[in-house]
There are 2 protein chains.
Amino acid sequence: MKHHPQPPLPFTTDSQLSVIARTYGTPLFVHSEESYLRYGREALDIPNAFGLAVRYAMKSNPHSAILKIFDRLGIHIDASSSYEVRRALAAGIAPGKIMLTGQETLQPQHVGELVEKGVIYCCTSLTQLKIYCELFAGSGQGVSIRVNPGLGSGHNNRTNTAGPAASFGIWRDYVPQAIEIASGHGLKITRIHTHVGSGSDWKIWEKAASMTLGIVQEFPDVTIVNLGGGYKIDRMDPEKSIDLQSVFSIIKRDFETFARETGRELYLEIEPGTYLSANSSLLLASVNDLVDTGAHGYRFIKTDASMTELLRPMTYGAQHPIRLLGKSGDTLRNYVVVGCCCESGDIFTVKEGDPETVDTVELPEADIGDTLAIMGAGAYGIAMSAKNYNSRPICAEAMIRSDGSHVLISRRQKLEELWAREFPV
Amino acid sequence: MKHHPQPPLPFTTDSQLSVIARTYGTPLFVHSEESYLRYGREALDIPNAFGLAVRYAMKSNPHSAILKIFDRLGIHIDASSSYEVRRALAAGIAPGKIMLTGQETLQPQHVGELVEKGVIYCCTSLTQLKIYCELFAGSGQGVSIRVNPGLGSGHNNRTNTAGPAASFGIWRDYVPQAIEIASGHGLKITRIHTHVGSGSDWKIWEKAASMTLGIVQEFPDVTIVNLGGGYKIDRMDPEKSIDLQSVFSIIKRDFETFARETGRELYLEIEPGTYLSANSSLLLASVNDLVDTGAHGYRFIKTDASMTELLRPMTYGAQHPIRLLGKSGDTLRNYVVVGCCCESGDIFTVKEGDPETVDTVELPEADIGDTLAIMGAGAYGIAMSAKNYNSRPICAEAMIRSDGSHVLISRRQKLEELWAREFPV
């Protein structure tokens with residue numbers, strides 16, 4: 001993956017970002033309301049045969065300001081834990097707009113409380129399904145289940161969200177048992193959830209959708225099909241991102257064919273996270289130091305950000321475009337851009353998919369005090385970072401509103417908050 | 001790396017851990033005061049020629065209870081950031097016992113404040129050195145510098161803390177410039193810090209020590225040599241752990257030879273983190289669900305812990321012994337042990353050094369509600385975890401005191417604390 005020198009900013013300008021960096025300090029995430037709205041509208045606009053709900057996978061960035069932007073657009077919530085459900089409720093999201101599809105098996109009374117509030121509970125294992133069906137036996141309450149359809153790009157690769165090496169969902173062979181559990185409690189399975197994390201290849205998406213519809217054949221009462229998330233945004237090369245219009249044109253056709261053959265008009269749900277949030281936020285970092293390891297070594301830009309703000313490069317070898325603000329690209333140098341943690345892996349420029357190997361990025365000649373924008377940081381940025389490592393307080397976040405003004409949406413953590421939960425021995 | 005079925009607990013018993021799990025809930029870190037004391041005493045007991053200071057690398061686990069245990073033993077502090085310095089001071093550590101060797105270049109006034117308090121400041125770059133020397137020009141204040149001696153096991157591997165792909169320390173070719181900066185301000189360099197992260201191989205340690213002494217030759221005023229950390233603990237196979245006695249017998253001999261040849265008796269400092277803390281804490285997790293992917297797939301234990309407590313397997317392919325409490329090892333099964341985050345990489349059993357690939361561990365037949373001990377979690381466990389991902393509150397921590405009693409040392413984070421720093425847009 002080639003880093004382009006001085007990639008363009010996805011929203012705002014060098015000069016506005018410089019003002020924002022001076023106003024709130026760095027490291028700082030800067031979000032764009034307009035960008036969230038744009039991606040949200042794109043997702044709501046996808047072709048569909050018989051209706052669509054878009055659920056924002058809030059694990060990608062659970063800030064209440066972002067939840068509310070999507071809520072105002074009519075986007076619902078995909079919660080991955082009971083904690084996320086409570087966080088969305090606290091942000092003012094209506095319970096009926098939240099669906100929990102989580103790995104935790106909750107205590108029955110907690111499932112009951114959520115469902116009685118109106119939250120939709122999607123059962124991701126036979127254990128969860130039994131708990132749910134026992135709670136609501138004979139009640140007429142619909143049942144949602146997540147199925148692992150068995151599709152995966154490898155047998156034991158961790159990036160699979162489906163297939164034999166994934167623990168998510170009820171394994172396809174156990175579908176008859178799932179039906180038996182529901183019907184044994186006088187309940188009907190009305191929603192099937194699959195999530196195969198299929199990237200940007202429309203052929204894989206077509207296969208995933210047709211597999212899912214094949215599974216739906218076995219569930220006569222299903223009216224809603226949730227295809228989960230995994231709509232790939234290529235942060236480095238937007239042209240390689242998923243073309244939602246094309247992919248969902250194909251899926252729409254499949255749904256129409258299914259309706260002709262079965263008389264069943266299925267409602268579609270999708271759960272994008274990265275697609276909605278990745279390019280709507282960037283991380284501002286200051287150039288804190290410049291060092292090198294001699295003629296045969298590397299030049300390093302040391303930043304005041306780190307794996308405590310953005311862990312994806314270190315964990316997944318993820319690529320993020322990096323721009324040095326306010327500098328011309330006439331003279332370029334190769335730099336390794338590193339974080340400020342005392343951790344050898346705290347590097348922002350690693351080989352794609354190979355976080356063990358240092359890579360460089362071409363940037364204009366940097367000076368201490370310059371500001372870098374590390375882009376594509378909106379999804380699984382602050383949400384998944386190694387917070388408080390090296391006792392670093394969690395950074396602040398700002399939002400550029402649609403009217404062009406900016407505002408702080410999260411204050412920087414106070415240092416003493418790091419040990420506020422400690423007791424003396 | 002073969003996981004041994006039902007590995008022994010490093011401290012405590014199945015039944016005490018079961019009581020602790022019931023008392024405080026899971027996920028929970030359980031620390032052992034006695035184990036910290038044992039490793040601390042071992043470190044203080046290493047052979048040395050002309051005196052020794054042991055500094056605990058507090059980034060591995062900065063809890064005040066642990067800092068105080070080591071402080072009472074006479075172990076000093078290695079701080080990796082100014083935040084860690086303030087945290088150690090807040091825990092009651094005397095400033096003179098704290099040395100900051102950090103990647104951040106602080107503002108001159110902050111360097112001044114720390115040094116005037118009595119904190120030792122080790123300059124890790126020429127920029128930091130200039131700031132320090134300008135502040136203390138002609139004052140008689142000693143100067144500490146970290147040097148990158150150029151030793152590393154590969155050219156561009158991120159696990160290096162030294163060598164051309166590491167940004168830590170002043171590159172060896174720039175030693176003359178460092179000397180010039182100090183002498184130009186009427187100051188003497190009195191402490192050399194190197195950290196080559198050398199693992200358990202005594203030959204590499206010998207080479208690292210002799211390289212460091214070679215560098216010290218160039219600094220006539222150096223009286224203290226700090227060899228940093230990197231003393232490898234093998235969590236799976238303790239017999240492969242570093243033998244501190246043997247390694248430091250060799251280094252002691254080198255220091256003695258150096259003294260005979262130069263008349264200079266060098267004081268030794270070391271900065272263990274993992275060595276002091278890795279095996280002194282374990283993570284308790286409950287079996288939350290059991291799922292499988294059919295006859296040709298895997299059996300999974302889903303736990304109520306996750307990458308939000310222990311990130312090392314997912315990031316580094318790190319191996320941690322796992323024991324199912326209170327179960328006999330008569331009938332064993334192969335399990336993939338996974339976390340409860342909606343993240344495909346949230347797996348505790350990955351191939352060694354290859355976090356992309358799922359692995360299994362042999363355990364007794366598990367039941368929902370059983371408790372697992374994930375061992376060797378004391379270093380870079382809670383300290384480096386992906387806190388708050390999936391909006392999970394930070395877990396609680398307990399300590400088994402030397403008298404056998406147990407006490408909560410960190411309460412579980414309250415959910416609403418996760419969004420307490422947020423402002424409405």
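The values are calculated or read from the model by the stated rules, or taken from the named source; none is laboratory data. Keep in mind that this is a model prediction, so the values were computed, not measured. Here the Cβ positions follow ideal geometry from the backbone for every residue, glycine too, while neighbour counts run over all protein chains shown. In case anyone asks, the SASA skips ligands and DNA or RNA and just uses the protein heavy atoms, side chains included. Shrake-Rupley method; radii C 1.70, N 1.55, O 1.52, S 1.80 Å.
Show me the three semi-axes of the equivalent ellipsoid for the protein assembly as shown, from the C-alpha gyration tensor (sqrt of 5 times each eigenvalue), largest first, rounded to whole Å.
48, 32, 22
Considering only protein heavy atoms, what per residue accessible area in square angstrom results for segment A:164-247 with a 1.4 angstrom probe?
41 Å²
Mind listing the phi-derived Karplus ³J(HN,Hα) values for segment A:379-387, rounded to whole Hz, using 6.51, -1.76 and 1.60 with θ = phi - 60°, and x for any glycine or proline?
Using θ = phi - 60°, the values come out as 10, 6, x, 4, 5, 10, 7, 7, 4 Hz.
Given springs between every Cα pair under 10 Å in a Gaussian network model of chain A, which of A:Ala396, A:Ala65, A:Ala295 has the largest fluctuation?
Greatest mean-square fluctuation among the candidates belongs to A:Ala295.
Taking the mean number of other Cβ atoms within 10 Å as a proxy for protection, how do you rank B:251-258, A:232-239 from highest to lowest?
B:251-258, A:232-239
In whole angstrom, how far apart do the alpha carbon centroids of segment B:18-48 and segment A:185-238 sit?
Going from one Cα centre to the other spans 47 Å.
Give me, ordered by chain and number, the residues 5 or more places off B:Ile170 or on other chains with an amide H under 5 Å from its own placed amide H.
B:Arg146, B:Val147, B:Asn148
Let me know the shape class of segment A:360-411, please: from the alpha-carbon gyration tensor, a ≥ b ≥ c as square roots of the eigenvalues, rounded when a/c is under 1.5, otherwise prolate if a/b is greater than b/c, or oblate.
Cα axes put segment A:360-411 in the oblate bin.
For chain B, give the percent of accessible area contributed by carbon and sulfur heavy atoms, probe 1.4 Å, rounded to a whole number.
Heavy-atom surface of chain B belonging to carbon and sulfur, 1.4 Å probe: 48 percent.
On average, how many beta carbons from a partner chain sit within 10 Å of the beta carbon of a residue in B:292-299?
Per residue, the number of nearby Cβ atoms from other chains is 6 on average.
If you build a Gaussian network model of chain B, linking Cα atoms that sit under 10 Å apart, which residue out of B:Val19, B:Val147, B:Val225 swings the most?
Comparing B:Val19, B:Val147, B:Val225 in a Gaussian network model of chain B, the most mobile one is B:Val19.
Give the angle, between 0 and 90 degrees and rounded to the nearest 10, that separates the Cα long axis of helix A:244-262 from the longest principal axis of the Cα atoms of chain A.
That works out to roughly 0 degrees.
Sequence-distant or interchain residues sharing an amide H contact under 5 Å with A:Tyr267, placed H: which?
Sorted by chain and number, the residues that satisfy this are A:Ile224, A:Val225.
How large is the helix-only mean residue ellipticity at 222 nm for chain B, computed as the sum of -39500 (n - 2.57) over DSSP H runs with n ≥ 4, divided by its residue count, in deg cm²/dmol to the nearest 500?
Taken over chain B, the calculation gives -8000 deg cm²/dmol.
When you look at the Cβ of every residue in B:101-113, what mean number of other chain Cβ atoms sits within 10 Å?
3
For segment A:44-52, take each phi angle, set θ = phi - 60°, evaluate the Karplus expression 6.51 cos²θ - 1.76 cosθ + 1.60, and give the result in whole Hz per residue in order, putting x for glycine and proline.
Those phi angles translate into 5, 8, 5, x, 8, 8, 9, x, 8 Hz.
Output the 0 to 90 degree angle, nearest 10, between the alpha-carbon long axis of helix A:108-117 and the longest principal axis computed from the alpha carbons of chain A.
With both axes taken from Cα atoms, the answer is about 90 degrees.
Restricting attention to the alpha-carbon atoms of segment B:1-63, what are Rg (one decimal) and Dmax (integer), both in Å?
16.3, 49
Leaving out ligands and nucleic acids, note down the accessible area per residue over segment B:265-315 with a 1.4 angstrom probe, in whole Å².
20 Å²
Buried accessible area between B and A (1.4 Å probe, both chains summed, ligands and nucleic acids excluded), in Å² to the nearest 100?
8500 Å²
In degrees between 0 and 90, to the nearest 10, how far off the longest principal axis of chain A does helix A:175-184 point, with axes built from Cα atoms?
60 degrees
Using the Karplus curve 6.51 cos²θ - 1.76 cosθ + 1.60 with θ = phi - 60°, what ³J(HN,Hα) values do you get for each residue of segment B:237-242, in whole Hz, with x for Gly and Pro?
Listing the rounded values in order: 9, x, 5, 8, 5, 4 Hz.
Under 1.5 on a/c is rounded, so check that first for chain B, then, if it is not, pick prolate when a/b is larger than b/c and oblate when it is not; a ≥ b ≥ c are the square roots of the alpha carbon gyration tensor eigenvalues.
Verdict is prolate for chain B.
Let me confirm one metric for peptide B:379-390, namely the mean number of other chain beta-carbon atoms within 10 Å of its residues' beta-carbons.
Mean partner-chain Cβ count within 10 Å for B:379-390: 6.
Please list the non-local residues whose amide H lies under 5 Å from the amide H of A:His76, H modeled 1.01 Å from N, same-chain partners needing a gap of 5 or more.
Here the answer is A:Val54, A:Arg55, A:Tyr56, since their amide H atoms fall under 5 Å of that of A:His76.
Ranked highest first by average number of other Cβ atoms within 10 Å, how do B:75-82, B:341-348 line up?
Ranked from most to least packed, the peptides come out as B:75-82, B:341-348.
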